[in-house]
């Protein structure tokens, strides 16, 4: 593993900071899928003890970003085409259910007010030629979709959904230049929100399904071209 991608941390909230650094390196692909993660090397590079590193790795394992294999070691998780396909299908089912529930409970206006800032953050993270802050865009994107699911009022589904975007995020971030450009991403989100504004549930369902399945299909195509594993 390459220690040069890390720099020492100050000694405040070490477990949380270690977790954030490791997660950031995984999402940005500084730590590659399948790469072995040495607790001692990470601890030495960050200037911390083994304890916060172990805690961070266990937390990341719970999110599916790290595989801790007894007697073999700790590795950055890999996603297969099959797993990506299933994750996007589950995401689609949850979001479509949420749309139906929001309309049934008369919460469309409340949702539109809640997601306004997330959408503005997405716009600020783009420019005419592409993304000015892709990670910021993705954070706002994830927040917007989570707000949609949360508005449905089913906390169990919301908890389940919170576990999914990390994996979907990894897949999308890895294929940034091939999967979706900034203009397309904004247009697809605008289409969903405009359908909400018009009070057209069927149109919301159609535009949301198109948005999610289009990204999934492109990722699966690229995965197949790369041997079926991310």
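Consider the stretch 195-220 and keep the residues that are exposed (fewer than 14 other Cβ atoms within 10 Å of the Cβ) and at negative phi. The one that is modelled with the lowest pLDDT is 217. Among the residues making up the stretch 78-133, those that are under 22 Å from residue 183 (Cα atoms) and in contact with a strand residue (DSSP E or B) (Cβ under 9 Å, 6 or more places away or on another chain) are 125, 132, 133.
Just to be sure, is residue 114 under 30 Å from residue 151 (Cα atoms), over 19 Å from the mean Cα position of the chain (by Cα) and surrounded by 13 or more Cβ atoms within 10 Å (Cβ to Cβ)? Working first, answer last.
On the way: under 30 Å from residue 151 (Cα atoms): yes; over 19 Å from the mean Cα position of the chain (by Cα): yes; surrounded by 13 or more Cβ atoms within 10 Å (Cβ to Cβ): yes.
When the stated conditions are applied, residue 114 passes them.
Can we say residue 62 is surrounded by fewer than 14 Cβ atoms within 10 Å (Cβ to Cβ) and at positive phi? Here the answer is no, as residue 62 does not meet what is asked.
The values are calculated or read from the model by the stated rules, or taken from the named source; none is laboratory data. The structure presented is a predicted model; accordingly, all values stated were derived computationally and were not measured. As a convention, Cβ positions derive from the backbone with ideal geometry for all residues, glycine included, and neighbour counts pool all protein chains shown.
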